[in-house]
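Written out below as structure tokens is the structure these notes cover.
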Amino acid sequence: MQTSFTLAQLADPHVAESEKILRKCVHCGFCTATCPTYVTLGNELDSPRGRIYLIKDMLENGRPADEQIVTHIDRCLSCLACMTTCPSGVNYMHLVDHARAHIENTYKRPLPDRFIRAVLAFVLSHPARFRAALKLARLGRPFARLFEAIGPLRPLAAMLRLAPASIPARSATASPGVHRPAGTREKRVAILTGCAQPVLDPGINEAAIRLLTRLGVEVVVPQGEGCCGALVHHMGREEQALASARQNVDAWMREIESDGLDAIIITASGCGTTIKDYGFMLRLDPAYAAKAAKISALAKDITEYLATLDLPEPTQKPGLTVAYHSACSMQHGQKITRQPKELLARAGFIVKEPREGHLCCGSAGTYNITQPEISAQLRDRKVKNIEATGADMIATGNIGCITQIASAAKMPIVHTVELLDWAYGGKRPAGI
């Protein structure tokens, strides 16, 4: 794609990076075939190619974002299926991240939109606030229909409907500490606690820690670790996202410098995609660039890491049929496609892959709240394809997908590591 940025514009490193990305696009349109919003809405401007044109026009002309571009960028899930499909290697992720930051800095959203986004940024990245908000949601649930009838307040209705009926007790694994292996320590890793996941389903990290310690891996929950920054990063709140990244880099570097780390384990693939991008996000910060690159290199999804270990034979083989849902952040963001399915099969599960596995379930961070209508269409399409497999249950590696799919599916859905823990001597996952 030909560009016409001025030398003054290219002096901005963010613009210069986006210009490099834009020049790689050859207008082929392969991305439209796998884009969930284009497949759902049929609008060229709701395809990656259409959004690329809008972003190019906005950045080249150095103008503030307008309502049209905000509408179509907001509809993007950041599922990154377009990057898997693209034959030219266009880094759409970094381009749309830049566009979102530009929107945040130059566009004044309507008051209800500003309020909802501010609430999400304030609540979701802090477990204590999130837990309190879920308790309040029980009181607000009767008003969901009222909010649904008022267009700008539909995201509030979506929030109330997604809130679980009950909240698990806080887990000890969410507190800083060291979990010693059962026998000789073979390796040492840190595990990301996360923000929404330990509130919604603390059993995921509990299963990961049980399994890793049985395999001779010491697991540390570092002091000072916090939200990965993904939620605010995708809202365009770049300074807030970078502050979260720096906080985690500092926490993990302390562990590296004290007793060493073989890996940083992440059990939510959405977080994993962002942490693996810390090196890029902090590339312009001389105090953090090298440290962030080191952290990104150590970051591993739990299944990615388990696949590198010498696993014993399973203590039991459940023999159940599992529909494996590959989260977008797993298959498109981190390019992890083989390991989870192979681990499940080796553990004695019969693995089935649903049709249209490349399409997003509609969760995408806060997307199922900010874009509830499109999200619901994608969820229903995903659930229909999953249930058509005839599987006994669903396995996936992302808490957002678990929450989204569970809101419509008739079969149980659990994290992949919970099934692996069960097969290798752990407890049977709840609900199965």
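The values are calculated or read from the model by the stated rules, or taken from the named source; none is laboratory data. From a predicted model like this one, the values you see are computed outputs, not experimental measurements. Ideal geometry is used to build each Cβ from the backbone, glycine not excepted, and the neighbour counts take in all protein chains shown. Remember, those area values only see protein heavy atoms, side chains included, never the ligands or the DNA or RNA. Shrake-Rupley method; radii C 1.70, N 1.55, O 1.52, S 1.80 Å.
Are any of the residues in segment 36-43 part of a helix (DSSP H, G or I) and in contact with a His (Cβ under 8 Å, 6 or more places away or on another chain)? Taking every residue of segment 36-43 in turn, none turns out to be part of a helix (DSSP H, G or I) and in contact with a His (Cβ under 8 Å, 6 or more places away or on another chain). Within segment 335-353, being open to solvent by 20 Å² or more (accessible area, probe 1.4 Å) and within 21 Å of the chain's Cα centre (by Cα) holds for LYS335, THR337, ARG338, GLN339, LYS341, GLU353.
Among residues of segment 256-275 being of a type outside the set (A, V, I, L, M, F, W, C) and surrounded by 21 or more Cβ atoms within 10 Å (Cβ to Cβ), the one that is farthest from the chain's Cα centre (by Cα) is THR267.
Pairs linking a residue in segment 49-73 that is touching a residue at least 12 places away in the same chain (Cβ under 8 Å) and farther than 27 Å from PRO87 by Cα to a residue that is open to solvent by 20 Å² or more (accessible area, probe 1.4 Å) and of a type outside the set (Ser, Thr, Tyr), with Cβ atoms under 7 Å and 6 or more positions apart or on different chains, are GLY62/GLN9; ALA65/HIS102. Restricted to segment 89-194, the set of helices (runs of 4 or more DSSP H) holding at least 1 residues that are open to solvent by 50 Å² or more (accessible area, probe 1.4 Å) and free of Cβ contacts under 8 Å to residues at least 40 places away in the same chain comprises 111-123, 127-140, 144-149.
Among the conditions (1) part of a loop (DSSP other than H, G, I, E, B); (2) at pLDDT below 95; (3) more than 25 Å from ALA33 (Cβ to Cβ), ILE369 misses just one, which is (1). For segment 1-23, indicate whether the set of residues that are out of contact with any helix residue (DSSP H, G or I) (no Cβ under 7 Å at 6 or more places or on another chain), of a type in the set (A, V, I, L, M) and either open to solvent by less than 50 Å² (accessible area, probe 1.4 Å) or in contact (Cβ under 8 Å) with a residue 24 or more places away in the chain (or both) is non-empty. Scanning segment 1-23 turns up no residue that is out of contact with any helix residue (DSSP H, G or I) (no Cβ under 7 Å at 6 or more places or on another chain), of a type in the set (A, V, I, L, M) and either open to solvent by less than 50 Å² (accessible area, probe 1.4 Å) or in contact (Cβ under 8 Å) with a residue 24 or more places away in the chain (or both).
Selection within segment 195-251: residues that are under 29 Å from PRO312 (Cα atoms), in a loop (DSSP other than H, G, I, E, B) and not aliphatic (A, V, I, L, M). The member of this set that is most open to solvent (accessible area, probe 1.4 Å) is ASP201.
Any residue at all in segment 55-65 that is more than 21 Å from the chain's Cα centre (by Cα), under 28 Å from SER375 (Cβ atoms) and surrounded by fewer than 19 Cβ atoms within 10 Å (Cβ to Cβ)? For segment 55-65, residues more than 21 Å from the chain's Cα centre (by Cα), under 28 Å from SER375 (Cβ atoms) and surrounded by fewer than 19 Cβ atoms within 10 Å (Cβ to Cβ): present.
Results for (1) surrounded by fewer than 23 Cβ atoms within 10 Å (Cβ to Cβ); (2) modelled with pLDDT under 95; (3) in contact with a Cys (Cβ under 6 Å, 6 or more places away or on another chain); (4) not aromatic (Phe, Trp, Tyr), shown as yes or no for each residue.
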{"residue": "LYS317", "(1), (2), (3), (4)": "yes, yes, no, yes"}
{"residue": "ALA327", "(1), (2), (3), (4)": "no, no, yes, yes"}
{"residue": "ASN385", "(1), (2), (3), (4)": "yes, no, no, yes"}
{"residue": "CYS401", "(1), (2), (3), (4)": "no, no, yes, yes"}
{"residue": "VAL414", "(1), (2), (3), (4)": "no, no, no, yes"}
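When the residues of segment 30-48 are filtered to those that are touching a residue at least 60 places away in the same chain (Cβ under 8 Å) and not polar (S, T, N, Q), the one that is least open to solvent (accessible area, probe 1.4 Å) is PRO36.
Condition check ((1) closer than 18 Å to ASN105 by Cβ; (2) part of a loop (DSSP other than H, G, I, E, B); (3) among the small types (Gly, Ala, Ser)) across all residues:
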site	(1), (2), (3)
SER4	no, yes, yes
GLU19	no, no, no
LEU59	yes, no, no
GLY62	yes, yes, yes
THR71	yes, no, no
LEU77	no, yes, no
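Close Cβ contacts (under 8 Å, 6 or more residues apart or on different chains) running from residues in segment 289-308 that are aromatic (Phe, Trp, Tyr) to residues that are surrounded by 17 or more Cβ atoms within 10 Å (Cβ to Cβ) comprise TYR305/VAL189; TYR305/ALA263; TYR305/ILE265.
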